[in-house]
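**Q** The following block contains the structure, expressed as structure tokens.
The values are calculated or read from the model by the stated rules, or taken from the named source; none is laboratory data. Source: prediction; values computed, not measured. So basically every Cβ, Gly included, is an ideal-geometry build from the backbone, and we count neighbours across all protein chains shown. What goes into the accessible areas is simple: the full protein's heavy atoms, side chains included, and nothing from ligands, DNA or RNA. Shrake-Rupley method; radii C 1.70, N 1.55, O 1.52, S 1.80 Å.
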Amino acid sequence: MAKYVITNPFVIGRYVSDEYFCDRTEETAFLIKQIDNGRNVALISPRRMGKTELIHHCMRQPDVAGRYITIFVDIYATTSLAEFVYRLGKAVYERVAPRSEMWKQRFFNVVSSLRMGFRLDPMTGEPGFDIGLGDIKTPQATLDEIFRYMEQADKPCLVAIDEFQQIGNYSERNTEALLRTLIQQSANISFIFAGSKRHVMANMFNSPSKPFYQSSIMMGLDPIPFAAYHDFAVRMFESRGRHIDKDCVEAVYRSYDGCTWFVQMMMNELFAITPEGHRCTMNILPEARHNVIRSQEHTYKDILSQMPPRQKMLLQAIARDRTATGITGTGFITRHNLPSASSVQAAAKGLLASDIITKTDDTYRIYDRFFSEWLATEY
């Protein structure tokens, strides 16, 4: 099979290989050390800092890939235990079952609650996970069977659950306790619980009243150091016959506080508009920023059109300040001509719930840095 050619080496939103992955050497070693020593890990970092790519990077390392069956599950869009079970079951089947025909058949023997939903591919006759969400009638029983199936695997399973804090929003309030019990009973499965809502994840794993209290090693994720990212950016440009000035890399890195996805997106665009054999300089930075922001303009307008007026006013105020503190204080309210403190507080609550803004201590900012820049320019 021909190797897929990456035209733009600043890959966005997915993991390709070591070649296109920047640094994280210490984080990779730390994560693998915990896994090898039988410790579950709670990996907590803001969204788009690169935690998902770090997990995939660790799972692709020869020592891990050779010794574990690696299973990755993203539950960000799930809203119930049944959806969680469906996504986990599908991921487990697709990673464990292909090992042999025996493991395919065993899946539906062990996970008997899904046997009625099991269907063969009409073209090939091969068994596949052709199961709908509606086939999961008793999520708790099916979850227990999925864990039992992983326990019987011929190699240890490493399961990474991304956006793990979502389970706290399920209507089934016993989900945390249910999962904790199954995990405690598992000898053949290790877990990485990744989450982007720091306060929610910290409460889940650090509160004595919570089922997951002290069940995992806590791990944070800071921005990649500038020196490491600069070297990576220069190497990626030069690998494709282009060059980039250090001050250009630094300007991008500082503008987005080293937040991986936003920095990568800007570097992707800078690379795209730098012809082969040419040098990327500060002169083309405004063009790249304009292109990236304008590519999302329709999305931003759609978000604003569906937003209550007071949320919109607060969002625009935060964008003007870039980071905002004391938003219910007289100074902030007066400076931005906002309504009362109570209305600002209510608006902030709604924006936080929809992940449009984030809060660290008493500091608020718009999660999407490009959205923030667009708002500051347009309003």
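**Q** How many residues does segment 322-368 hold that are surrounded by 16 or more Cβ atoms within 10 Å (Cβ to Cβ), assigned to a helix (DSSP H, G or I) and modelled with pLDDT under 95?
**A** Qualifying residue count, segment 322-368: 0.
**Q** Do we find a residue being part of a loop (DSSP other than H, G, I, E, B), touching a Phe, Trp or Tyr at 6+ places or on another chain (Cβ under 9 Å), within 30 Å of PRO286 (Cα to Cα) and among the small types (Gly, Ala, Ser) anywhere in segment 254-262?
**A** Here is the first cut: in segment 254-262, the ones part of a loop (DSSP other than H, G, I, E, B) are 256-259.
Subset that is touching a Phe, Trp or Tyr at 6+ places or on another chain (Cβ under 9 Å): 256, 258.
Those left that are additionally within 30 Å of PRO286 (Cα to Cα): 256, 258.
Add one more test, that the residue is among the small types (Gly, Ala, Ser), and what stays is 258.
Scanning segment 254-262 turns up at least one residue that is part of a loop (DSSP other than H, G, I, E, B), touching a Phe, Trp or Tyr at 6+ places or on another chain (Cβ under 9 Å), within 30 Å of PRO286 (Cα to Cα) and among the small types (Gly, Ala, Ser).
**Q** Whether any residue in segment 97-107 is modelled with pLDDT of 95 or more, more than 19 Å from the chain's Cα centre (by Cα) and not in a helix (DSSP H, G or I) is what I want to check.
**A** Checked against the condition, which is being modelled with pLDDT of 95 or more, more than 19 Å from the chain's Cα centre (by Cα) and not in a helix (DSSP H, G or I), segment 97-107 yields no hits at all.
**Q** Is it the case that THR323 is among the polar types (S, T, N, Q) and in contact (Cβ under 8 Å) with a residue 12 or more places away in the chain?
**A** It is true that THR323 is among the polar types (S, T, N, Q) and in contact (Cβ under 8 Å) with a residue 12 or more places away in the chain.
**Q** Looking only at segment 170-203, count every residue that is touching a strand residue (DSSP E or B) at 6+ places or on another chain (Cβ under 8 Å) and of a type in the set (A, V, I, L, M, F, W, C) and tell me the total.
**A** Number of matching residues: 8.
**Q** Can you work out which of the residues in segment 280-321 that are assigned to a loop (DSSP other than H, G, I, E, B) and within 30 Å of TYR20 (Cα to Cα) is nearest to the chain's Cα centre (by Cα)? Before the answer, list the steps.
**A** Filtering segment 280-321 down to residues assigned to a loop (DSSP other than H, G, I, E, B) leaves 281, 296, 306-308.
Then keep just the ones that are within 30 Å of TYR20 (Cα to Cα); that gives 281, 296.
Details: THR281: 31, GLN296: 20 Å.
Looking at the filtered set, the residue picked out is GLN296.
**Q** Now for a different question. Output the residue which, of all residues in segment 213-232 that are without any contact (Cβ under 8 Å) to a residue 60 or more places away in the chain and open to solvent by less than 50 Å² (accessible area, probe 1.4 Å), is nearest to the chain's Cα centre (by Cα).
**A** The extreme case among them is PHE226.
**Q** Now for a different question. Which is of a type in the set (Phe, Trp, Tyr), without any contact (Cβ under 8 Å) to a residue 60 or more places away in the chain and within 25 Å of PHE147 (Cα to Cα), of TYR76, TYR15, TYR86?
**A** TYR86
**Q** Could you tell me which numbered condition ALA251 fails, if it satisfies all but one of (1) open to solvent by 40 Å² or more (accessible area, probe 1.4 Å); (2) under 26 Å from the mean Cα position of the chain (by Cα); (3) among the hydrophobic types (A, V, I, L, M, F, W, C)?
**A** It fails just one condition, (1).
**Q** Still on this model: Tell me which residues, restricted to segment 117-131, are in contact with a helix residue (DSSP H, G or I) (Cβ under 7 Å, 6 or more places away or on another chain) and either at pLDDT below 75 or part of a helix (DSSP H, G or I) (or both).
**A** First, pick out the residues of segment 117-131 that are in contact with a helix residue (DSSP H, G or I) (Cβ under 7 Å, 6 or more places away or on another chain): 117-118, 127, 129, 131.
Of everything in segment 117-131, those that are in contact with a helix residue (DSSP H, G or I) (Cβ under 7 Å, 6 or more places away or on another chain) and either at pLDDT below 75 or part of a helix (DSSP H, G or I) (or both) turn out to be GLY117, PHE118, PRO127, PHE129.
**Q** Here is a check on your reading of the model: is GLY277 open to solvent by less than 40 Å² (accessible area, probe 1.4 Å), modelled with pLDDT of 95 or more and not in a helix (DSSP H, G or I)? Don't jump to the end; show me each part of the working.
**A** Numbers: open to solvent by less than 40 Å² (accessible area, probe 1.4 Å): no; modelled with pLDDT of 95 or more: yes; not in a helix (DSSP H, G or I): yes.
For GLY277, the condition - open to solvent by less than 40 Å² (accessible area, probe 1.4 Å), modelled with pLDDT of 95 or more and not in a helix (DSSP H, G or I) - is not met.
**Q** Where in segment 1-78 are there helices (runs of 4 or more DSSP H), lying wholly inside it, with at least 2 residues that are in contact with a Ser or Thr (Cβ under 9 Å, 6 or more places away or on another chain), open to solvent by less than 30 Å² (accessible area, probe 1.4 Å) and under 26 Å from ILE356 (Cβ atoms)? Give the steps one after another, and end with the answer.
**A** Working: elements: 25-36, 51-60, 62-67.
The helices (runs of 4 or more DSSP H) meeting that bar are 51-60.
**Q** Conditions first: (1) under 15 Å from the mean Cα position of the chain (by Cα); (2) crowded, with 18+ Cβ neighbours inside 10 Å. ALA153 passes all but one, so which condition is the exception?
**A** Failed condition: (1).
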